[in-house]
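For reference, the structure is listed below as structure tokens.
Read-outs throughout are calculated quantities, based only on the coordinates presented, and are distinct from any laboratory measurement. All values reported here derive from a predicted model rather than from experimental measurement.
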Amino acid sequence: MSDLDVAHSADDLIDALRADVRAGLTAEQKWLPAKWFYDARGSELFERITALPEYYPTRSEREVLGREAVEIAEVTSARTLVELGSGSSEKTRLLLDALIGHGSLETFVPLDVSASALAEATTAIAGDYPGLAVRGVVGDFTAHLDLLPGDRPRLVAFLGGTIGNFLPADRLTFLRSVRGVLDAGEWLLLGTDLVKDEATLVRAYDDAAGVTAEFDRNVLRVINAGLGANFDPGAFEHVAHWDPVHEWIEMRLRARVRQVVRIPGADLEVSFAEGEHIRTEISAKFRQAKVGDELTAAGFTAVRWWTDARSRYGVTLARA
Ligand code: AVJ
């Protein structure tokens, strides 16, 4: 059994894109929110990234979940699994199998901005788990958390390291809002990529095959399609920059030449100097203590911390 609840209509989506493009591309340092990568093409490119030899986070997280899913089921006895930014929900199957095996799970609620990725995932999962109620929500996890259905206790999974895409202040706001929709005693499972040597990090965000570069440039295609803009994606070079002070990877699109871009749907003309860049994503990397402190500040208690064998990636189970 599956259904899709659309919190974000197509019109809402264009309004939100317009507002973000106006704010980001008129700023002194141009920037765009990372969520706009993920139209159908962008979600597909991200799936390809997860299979790249350089992009370790997906495999490291899968290693932890494969090892610890039964423990997660035993500790939480969740009746509902909510997955924020679920994408293809591939790793989620490890959790579904364990929670169903444990006998507690009734409902799976994947929430994603990408309607296409979500429709595919809900259909596939509903087909493979006949007893499970699958209730997909097309929405933005910074805006539509109040819509989360399902019997308690719920386990909210926020995996992949996507928490790293928030700026630090927004991260705390977000964690507090998750805490705000949960009752005391419900659960958060949080995936965080960890600080490591710069070369490994930069390679993971600038792969040899150029898939990440195409993913980065996809945001320009999304703006072209949504707002009738005339970005030439080929006129921008993908850059992965490690910021050792903030401990985050910054993805940038750097203008190869001086240019002016028209964005009629946002009533905007944007000039780029040669070499000027748009910051398209930050992907913060964490240390265990920082994760624990931030969860505490948001009103959670971390009860388990696991990493993969190479300590590249951390997974925290926290109680509301
Ligand atoms: C899906 C947001 C976790 O930040 O590593 C992959 C997205 N960006 N390669 C990340 C991404 C470039 C990814 N998250």
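Key figures
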| item | result |
| --- | --- |
| Karplus-derived 3J(HN,Hα), 6.51/-1.76/1.60, for each residue of the range 305-320, Hz, glycine and proline x | 9, 10, 10, 6, 4, 9, 6, 8, 8, x, 10, 10, 9, 10, 9, 6 |
| Share antiparallel - DSSP beta bridges, the chain, percent rounded to 5 | 60 |
| Distance from the range 94-109 to the range 1-45 (C-alpha centre basis), Å | 31 |
| The range 227-245-the range 280-311 distance, computed between alpha-carbon centres (Å) | 28 |
| Residue-averaged 222 nm ellipticity for the chain, from DSSP H runs of 4+ at -39500 (n - 2.57), nearest 500 | -12000 deg cm²/dmol |
| Highest-fluctuation residue, Val178, Val260, Val195 considered, GNM on the chain with Cα pairs under 10 Å | Val260 |
| q = 0.23 Å⁻¹, the range 85-169: log10 I(q)/I(0) [Debye, one scatterer per Cα] | -1.26 |
| Compactness index (Cα Rg / 2.2 N^0.38 Å), the range 143-233 | 1.46 |
| Potential extension, Arg79-Thr301 segment - 0.36 nm per residue separation minus Cα distance | 77.9 nm |
| Alpha-carbon Debye profile of the chain, log10 I(q)/I(0) at 0.10, 0.11, 0.14 Å⁻¹ | -0.56, -0.68, -1.11 |
| Long-range amide H partners of Val156 with built H, under 5 Å | Val82, Trp187, Leu188, Leu189 |
